[in-house]
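Structure first, then comments.
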Amino acid sequence: MLRTIIAGLRARTARLVLSSVAIALGVAFVSGTLVLGDAMTASLRDEFAKGARNVDVSVTVSGRSSSPDEVGGITPETLAKIRQAPGVAGADPRDSQSVPLVASNGKAKPAWAVPLASDERLREFDLVDGRYPTKADEIAVDKRTAATAKLTIGQPVVLLGDGDTRHTYTLVGTYQQGTNQISLSGYDHVGLTPEAFQALEPERPPYQVVATAAAGFTQQQVVDNVRKAIGDTGFKIQSGEELTQETLERVESQSGEFTTLLLAFAIIALVVAAMVIYNTFTILVAQRTRELALMRCVGASRAQVFRGVLAEALVMGLTASVIGLFGGIGVSALLQRVIFSFGGGGGTVLLPVTAKTVIAAFAVGTLVTVLAAVLPARKATRVAPVAALRSQPDSGEEVSRTGVLRVLTAVLFAAIGVGAVVFGMGVDDEDAAMLISGAGTMALLAAVLVLGPLLVGPVNRVLGALPRALLGVPAKLASANAGRNPKRTAATTAALMIGVTIVSLVTVVANSAKETANAEIDQRMPADYTVTSAVYGRPLPRELADQLAAVPEVAKVAPTTVVYGEQEYFTGVTRDAIGTLFRPTVKSGSLADLGDGTVAVNAEYAKRSNVSVGSVVSFKPGRGEAQDLKVVAVVEGQRLSDGVMTMETSLRFEQGAEGYESILVKLKDGAVNGRAAVEKVTDPSPLAVVDSAAETKEQLNQQLNQVLAFIWALIGLAVVIALFGIANTLTLSVLERTRESALLRALGLTRGQLRLMLVVESVLMALMGAAIGLLLGIGFGWVLTEALSTDTISVDLVVPFGQIGVMLAGAVVAAIVAAALPARRAARTSVVAGMAEA
């Protein structure tokens with residue numbers, strides 16, 4: 001039996017190649033993702049560990065997560081006690097704060113500043129050029145910042161300190177920052193002496209102190225001594241080893257989330273590949289009816305036939321696993337290059353191939369292939385020995401005796417799906433609604449897959465009508481071929497249908513979210529321009545609003561403030577701006593009642609906090625005492641904050657009195673060169689940035705398009721595998737229909753018409769999968785947009801017909817390419833040789 005299996009594999013090598021490629025692509029995705037995850041973990045481990053190198057003791061404020069902008073850290077008295085503790089050789093504070101870096105064009109951009117430890121052993125960074133600063137008027141920047149800001153050693157660098165005071169430094173060196181939470185933010189990075197750093201914000205205490213141990217002391221001894229010196233209350237005291245372990249655990253968690261995301265798409269690709277394998281073995285078993293029957297005649301048992309088919313699948317899976325494993329290494333290298341390109345192009349490609357990756361590649365490749373072949377193998381055991389007497393194998397689809405069962409199963413899935421969707425739409429919690437509705441769409445997809453063979457006939461007749469009318473006999477034959485074996489056609493198109501469903505679903509939801517966001521921007525930004533601060537947390541100077549109001553081209557300005565609380569934040573606006581430049585939609589109450597000591601809350605906040613018109617909100621700001629605010633209205637459409645208060649009310653709070661968060665600018669009708677006039681006023685202020693609603697929408701659209709392109713690229717592999725499935729089915733069908741093709745040629749069909757017939761058949765199968773997938777994707781998109789809609793915002797369904805047209809056109813082109821080789825092979829077979837085929 002083993003020799004028979006080996007001989008069969010040799011004879012059918014060409015027929016199994018495309019199927020092996022499908023599995024190899026799926027395995028490559030899985031192994032590439034695992035290699036990428038291990039590479040990211042290894043790289044992040046090395047880089048994040050730099051923050052803990054040479055650290056024997058770490059002291060942080062309890063409850064802090066190293067968040068740089070939270071004030072309330074380690075006092076000078078506590079630092080002195082740490083330095084005086086027995087066994088402490090040296091101790092330096094660590095901190096970071098967001099500061100505006102004034103670029104060469106005079107405008108500020110956000111940057112992170114850190115104090116560079118006086119003890120060189122405790123510095124987190126590696127010097128690249130020059131030296132570290134030793135004076136208060138010197139500065140070093142990381143290599144990426146120097147490149148993007150075009151800074152060279154010896155140049156002046158300007159930072160804005162507390163109260164927007166200008167601090168000018170001389171650049172004396174550059175360093176490699178490595179990977180940490182700040183570098184991952186993409187912001188510029190600068191290093192100062194501890195004294196210069198403190199001068200930026202004199203009242204700011206550091207959030208962490210790190211120390212080295214003196215000779216003769218262990219880390220634990222120094223930890224115990226520091227704990228005795230400062231006490232446990234309010235502090236988290238760790239040894240260097242504990243700090244390193246905590247850092248590595250955080251790294252593994254972060255890289256693991258990204259790996260899980262990629263693996264989800266890899267699983268989709270594997271499901272599609274499994275469908276291709278199932279279809280391949282189903283066709284091969286049908287083609288080998290006489291061979292299997294002869295094996296039964298000469299004594300092979302049902303079990304031997306079953307094991308023989310699975311053995312072929314096992315060999316195919318092992319081969320595909322080897323190819324996929326090495327292909328995955330290349331995929332990982334490519335993905336790392338793509339990631340590096342987003343981060344500025346730097347980085348070393350790491351390709352760690354662990355035992356876990358190798359085992360996963362072989363397990364996935366072989367298990368998916370073997371499991372996909374189980375049903376065809378089971379069908380092979382049902383071939384009766386008498387079938388060996390037939391002159392031709394019966395490759396046609398047998399009359400379905402499971403039609404009723406198939407319909408009942410599909411109805412069951414559909415009922416579950418519709419019920420879940422309807423129930424999910426009625427759930428108030430957005431996350432729960434998405435989860436339940438998403439499960440419902442999966443059940444509906446399963447219903448369509450089960451019903452697939454029964455849908456082939458009607459869909460084929462509709463899609464084939466135009467080709468039959470335009471292309472004549474070849475198209476009629478192609479349509480007949482696509483429809484005469486419904487189960488095979490359904491299995492072939494199902495893989496493509498799944499890929500197109502997901503792509504169209506994501507596309508519809510993304511475009512719906514985009515249009516909803518654009519409409520809301522138009523609604524809440526009726527101003528021509530909005531002047532905002534380039535650096536988060538740095539308010540605009542108050543005099544800027546008066547200067548803009550004096551511009552002849554400007555009709556009206558409306559400054560806004562923001563006050564952050566412990567759980568919410570409110571926007572302050574001038575009374576005369578409400579209803580003109582600031583116009584939220586009122587759900588209850590009246591904005592006319594908005595006065596000193598009152599607030600109009602966002603509908604989402606009202607629901608979350610269980611407040612309504614007449615309620616009193618106790619608002620506790622980040623700095624200062626809590627104050628009671630009476631709710632006079634519930635509004636929606638103002639999504640930037642939890643509520644609106646008058647400017648007078650916001651001035652009660654320290655943060656509201658510091659300056660403006662933004663300034664809305666409305667031009668006079670017919671104003672010419674209005675932007676230039678506005679920028680003439682804002683240019684002297686390094687913090688002021690002028691944006692229009694159109695620019696805001698463009699930035700948002702770019703971000704959504706990037707996410708959409710990323711998902712398209714990930715799910716694209718599943719679509720490619722599905723197209724391999726179509727090519728594979730056509731190839732096997734050409735071999736199966738050799739005598740039929742020769743007979744058609746003998747009856748007058750030309751080589752060109754034969755090629756056209758196979759191309760049209762391929763296009764029809766691709767269009768079946770794409771058309772059903774698009775309909776499902778659009779329908780599921782509507783379900784999810786309804787689930788995303790809340791009492792405060794309605795997400796309207798937007799169907800991007802242009803992108804859908806591109807998908808259909810792409811499916812047609814890909815189908816033509818997939819049919820090229822099978823059509824060429826069929827056309828090259830001579831009539832005599834084809835008629836002689838047994």
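The values are calculated or read from the model by the stated rules, or taken from the named source; none is laboratory data. None of these values were measured; they are calculated from a predicted model. As a convention, Cβ positions derive from the backbone with ideal geometry for all residues, glycine included, and neighbour counts pool all protein chains shown.
For residue 664, indicate whether it is out of contact with any Cys (no Cβ under 7 Å at 6 or more places or on another chain) and buried (at least 20 other Cβ atoms within 10 Å of the Cβ). Steps first, please.
Details: out of contact with any Cys (no Cβ under 7 Å at 6 or more places or on another chain): yes; buried (at least 20 other Cβ atoms within 10 Å of the Cβ): yes.
The answer is yes for residue 664.
Please verify whether residue 126 is surrounded by fewer than 18 Cβ atoms within 10 Å (Cβ to Cβ) and closer than 22 Å to residue 686 by Cα, treating the condition exactly as stated. So residue 126 does not fit the description; no. Within segment 132-157, being among the basic types (Lys, Arg) and under 39 Å from the mean Cα position of the chain (by Cα) holds for 143, 144, 150. Considering (1) buried (at least 18 other Cβ atoms within 10 Å of the Cβ); (2) closer than 22 Å to residue 534 by Cα; (3) free of Cβ contacts under 8 Å to residues at least 60 places away in the same chain, the lone condition that residue 97 does not fulfil carries the number (3).
If I filter segment 162-177 for residues that are out of contact with any Gly (no Cβ under 8 Å at 6 or more places or on another chain), closer than 23 Å to residue 127 by Cβ and surrounded by fewer than 20 Cβ atoms within 10 Å (Cβ to Cβ), do I get at least one hit? Yes, there is a match, as at least one residue in segment 162-177 is out of contact with any Gly (no Cβ under 8 Å at 6 or more places or on another chain), closer than 23 Å to residue 127 by Cβ and surrounded by fewer than 20 Cβ atoms within 10 Å (Cβ to Cβ).
When 252, 257, 241, 312 are checked against the criterion of being free of Cβ contacts under 8 Å to residues at least 12 places away in the same chain, charged (D, E, K, R) and either in the same structural domain as residue 41 (by TED's automatic domain parsing) or closer than 26 Å to residue 350 by Cα (or both), 257 stands alone in meeting it.
Here are some residues: 625, 636. Which one is in the same structural domain as residue 551 (by TED's automatic domain parsing) and under 30 Å from residue 165 (Cβ atoms)?
Details: 636 fails: under 30 Å from residue 165 (Cβ atoms).
None of the others qualify; the one that does is 625.
Apart from one condition, residue 294 fits all of (1) buried (at least 18 other Cβ atoms within 10 Å of the Cβ); (2) over 20 Å from the mean Cα position of the chain (by Cα); the exception is (1).
Among the residues that make up segment 118-140, is at least one of them assigned by TED's automatic domain parsing to the domain that holds residue 58 and on the phi > 0 side of the Ramachandran plot? Spell out how you get there, then give the answer.
First, the residues of segment 118-140 that are assigned by TED's automatic domain parsing to the domain that holds residue 58: 118-140.
Applying the additional criterion that residues be on the phi > 0 side of the Ramachandran plot yields 130.
Checked segment 118-140: at least one residue is assigned by TED's automatic domain parsing to the domain that holds residue 58 and on the phi > 0 side of the Ramachandran plot.
Using the structure shown, decide if residue 156 is exposed (fewer than 14 other Cβ atoms within 10 Å of the Cβ), under 12 Å from residue 206 (Cα atoms) and not aromatic (Phe, Trp, Tyr). No: the conditions fail for residue 156.
Among the residues of segment 525-546, those that are surrounded by fewer than 18 Cβ atoms within 10 Å (Cβ to Cβ) and in a helix (DSSP H, G or I) comprise 543, 546.
Against the condition of a type in the set (S, T, N, Q) and under 32 Å from the mean Cα position of the chain (by Cα), how does residue 253 come out, does it pass?
Yes.
Tallying residues that are touching a residue at least 24 places away in the same chain (Cβ under 8 Å) and part of a helix (DSSP H, G or I) within segment 216-238 yields 9. Looking only at segment 84-113, filter to residues that are more than 31 Å from the chain's Cα centre (by Cα) and part of a strand (DSSP E or B); which one of those is farthest from residue 205 (Cα to Cα)? Step by step, filter segment 84-113, then rank; the result is 102. Of all residues in segment 685-744, those that are surrounded by 19 or more Cβ atoms within 10 Å (Cβ to Cβ) and part of a loop (DSSP other than H, G, I, E, B) total 3. Within segment 684-701, residues that are without any contact (Cβ under 8 Å) to a residue 24 or more places away in the chain reach partners that are charged (D, E, K, R) and outside any helix (DSSP H, G or I) with beta carbons closer than 9 Å, at six or more positions or on different chains, in the pairs 699/691.
Name every residue in segment 604-624 that is modelled with pLDDT of 85 or more and in a loop (DSSP other than H, G, I, E, B), in order of residue number. Step through it out loud before you land on a result.
The first filter runs over segment 604-624 and keeps only residues modelled with pLDDT of 85 or more, leaving 605-606, 609-621.
Within segment 604-624, 610, 611, 612, 613, 614, 615, 620 meet the criteria.
Do we have residue 601 as of a type in the set (A, V, I, L, M, F, W, C), free of Cβ contacts under 8 Å to residues at least 40 places away in the same chain, in a strand (DSSP E or B) and buried (at least 17 other Cβ atoms within 10 Å of the Cβ) here? Here the answer is no, as residue 601 does not meet what is asked. Restricting 808, 797 to residues that are assigned to a helix (DSSP H, G or I) and in contact (Cβ under 8 Å) with a residue 12 or more places away in the chain narrows the list to 808.
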